[in-house]
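Student: Quick one: the structure is below, and I'll ask about it shortly.
The values are calculated or read from the model by the stated rules, or taken from the named source; none is laboratory data. Quick caveat, the model's predicted, so the values are computed rather than measured. As a convention, Cβ positions derive from the backbone with ideal geometry for all residues, glycine included, and neighbour counts pool all protein chains shown. The protein model used for the area step is the full one, side chains on, heavy atoms only, and it has no ligands, DNA or RNA in it. Shrake-Rupley method; radii C 1.70, N 1.55, O 1.52, S 1.80 Å.
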Amino acid sequence: MTTLGVAMAWGSDPSAAIELLREAERAARDLDDQDALFRVRANLTTVLDLVARRSEAVDVAYAGIEEARRTGLEAVYGNFLAGNVAESLFLLGRWREARELSTQALGWLPVGVVFLTSIIQLAMVEIEMEAGETAARLLGQTVLEFDALREPQLAGSYYLAAASFSLWTGDIADASRSVDRGWAVVRESEEWVLVARLAAMVAQVDSAIGLEALDRRQLAPLAAARQRTSDIVRAAAEIVRRGGAPATAGSRQVAEAYLATARAYQRRLEGDDDPGVWGRVAEAWHERSAPYEVALARRRQAEALLGSGTGRAGRADARKPLLAAVKTALKMEARPLLRALRELAGRARIPLPDDVEAMLAEPIRLAVGLAASADPGAQAEPQNGHSELALAMAGDPQPAPDHGDTFGLSAREREVLLLVAQGRTNREIGEHLFISQKTVGVHVGNILAKLSVSGRVEAAAVAIRLGLTEVG
């Protein structure tokens, strides 16, 4: 019944699928079969999310977690349910709940794919609420070789989070590397909703690359960005089409909303930034009950109106979508978005509520410890020169190579690599070594090239496994 219900949900009759899963839930409870009950509920949360009934999905997950707690099976069942529903909470804008649930799940079962899912979900919340040191530490400590794991959903979500963090912190080159790696992971998978989501992020990154290239009058990077976005958006649309879900299916509508977002960024990249298109994207996300995505689209709508060349009329028209985005950002404590909106409003001379400055004047500090529920405010200390989580994910380090093969890394690059493996940010590395963040960035780029990896996470994993960060 459960398997049939899931198959129906991805097809043309999700309402019947949900009824069938509810019937399966009652049968499992009557049989007192905890394994079957957990399986039904895990799938029911997924199906409810697919049809945009996310609040119901959260309620089902909470009920399952509470029952697991009463029967002493939190680590077995509660962890999976928490990971399964954290993304629903994120899309609903219930970020603090998502954070609390993910943090709790880390303490239930601190190993395996579900543990990594909770880490990534936690990183997503931290990125969009602050994009500060805690988010950087979470990404830097999630040392995992995704190719070896062969889990596109997990790897794709990680690279999406990494790209968003890089964009908010102004590191467009790292964002580009992240989406390249993410696309390579998901394009051959059956995760077509994730494929559409990745395409939207690729287009967003390329639009940033394009604007930077235009400012510098560099035509080659602009042309390359346009070509990559064009190719990937076209491929993603075909993958979604081949998924076979009818247009009425909630999952298909979510995928189409991501594709619409991607096409809006594509038009922006091509020099045709249409506020009407962004308005329709915002409405599509509103229908999908995704307030943060609505706010992001309203920001771009306001930008397009301000850049329309209509002067005072454009500023007047931009005020409504901009203030709507500000209202959502305040409610969700989305500080990176709020900073961007404040900067946009300042250029347009649009006054903002006093609450904006008040919130940005006191940024949150969502410190996260690996022990989670034991001490949510604790920070993990490095163990033997590496973060605790880095060691857990990368495995035991190999002995330092005695043949002198350090992959061409200089002494300074080895020092930087050691700090990368500890999960340190560029700012922390610069302060430790008494060099500028820009110089740190140059060293990190050289390290990535010499180790033939796409990002600092992979660099840390490779370095720890090969013993390159051992202090002699």
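Student: Which residue, of ALA400, ALA460, ALA378, is at pLDDT below 75 and not in a loop (DSSP other than H, G, I, E, B)?
Tutor: ALA460
Student: Separate question: Does any residue in the stretch 1-19 that is within 9 Å of VAL47 (Cα to Cα) and in a helix (DSSP H, G or I) come within less than 6 Å, Cβ to Cβ, of a residue that is open to solvent by 40 Å² or more (accessible area, probe 1.4 Å) and of a type outside the set (Gly, Ala, Ser) six or more places away or on a different chain, and which pairs are these?
Tutor: VAL6/ASN43; ALA17/MET8
Student: If you don't mind, there's one more thing I want to ask. Regarding TYR62, is this residue touching a residue at least 24 places away in the same chain (Cβ under 8 Å), assigned to a helix (DSSP H, G or I) and hydroxyl-bearing (Ser, Thr, Tyr)? Lay out the reasoning, then the answer.
Tutor: Numbers: touching a residue at least 24 places away in the same chain (Cβ under 8 Å): no; assigned to a helix (DSSP H, G or I): yes; hydroxyl-bearing (Ser, Thr, Tyr): yes.
When the stated conditions are applied, TYR62 does not pass them.
Student: Does ALA17 satisfy the condition of being over 25 Å from the mean Cα position of the chain (by Cα) and open to solvent by less than 10 Å² (accessible area, probe 1.4 Å)?
Tutor: Against the criterion (over 25 Å from the mean Cα position of the chain (by Cα) and open to solvent by less than 10 Å² (accessible area, probe 1.4 Å)), ALA17 qualifies.
Student: Additional query: So in the stretch 259-314, with the set limited to residues that are free of Cβ contacts under 8 Å to residues at least 12 places away in the same chain and part of a helix (DSSP H, G or I), which one is nearest to MET129 (Cα to Cα)? Spell out how you get there, then give the answer.
Tutor: Pass one, the stretch 259-314, residues free of Cβ contacts under 8 Å to residues at least 12 places away in the same chain: 267, 271-272, 276, 283, 286, 309-314.
Among the residues that remain, those that are also part of a helix (DSSP H, G or I) are: 267, 276, 283, 286, 312-314.
Working: ARG267: 28, GLY276: 28, GLU283: 23, HIS286: 20, ARG312: 32, ALA313: 32, GLY314: 29 Å.
Among them, the one singled out is HIS286.
Student: With respect to the numbered conditions (1) in a helix (DSSP H, G or I); (2) modelled with pLDDT under 70, which one is the sole condition not fulfilled by LEU106?
Tutor: (2)
Student: In this structure, is GLN266 of a type in the set (S, T, N, Q), open to solvent by 10 Å² or more (accessible area, probe 1.4 Å), under 26 Å from ALA7 (Cβ atoms) and under 21 Å from the mean Cα position of the chain (by Cα)?
Tutor: So GLN266 does not fit the description; no.
Student: Considering only residues that are open to solvent by 20 Å² or more (accessible area, probe 1.4 Å), more than 18 Å from the chain's Cα centre (by Cα) and farther than 23 Å from SER88 by Cα, which ones fall in the stretch 181-218?
Tutor: Across the stretch 181-218, the qualifying residues are GLU188, ILE209, LEU211, GLU212, LEU214, ASP215, ARG216, ARG217, GLN218.
Student: Now, a different point. Could you go through the stretch 25-35 and let me know if any residue there is open to solvent by 10 Å² or more (accessible area, probe 1.4 Å), of a type outside the set (S, T, N, Q) and touching a residue at least 24 places away in the same chain (Cβ under 8 Å). Break it down into steps so the answer makes sense when it comes.
Tutor: Narrowing the stretch 25-35 to residues open to solvent by 10 Å² or more (accessible area, probe 1.4 Å): 25-27, 29-35.
After this cut, where a residue has to be of a type outside the set (S, T, N, Q) as well, the list is 25-27, 29-33, 35.
Right, trim to touching a residue at least 24 places away in the same chain (Cβ under 8 Å) and you get 27.
Yes: one or more hits.
Student: I've got another one for you. Limited to the stretch 416-436, what total is found for residues that are surrounded by 17 or more Cβ atoms within 10 Å (Cβ to Cβ) and in a helix (DSSP H, G or I)?
Tutor: Of the residues in that region, 10 qualify.
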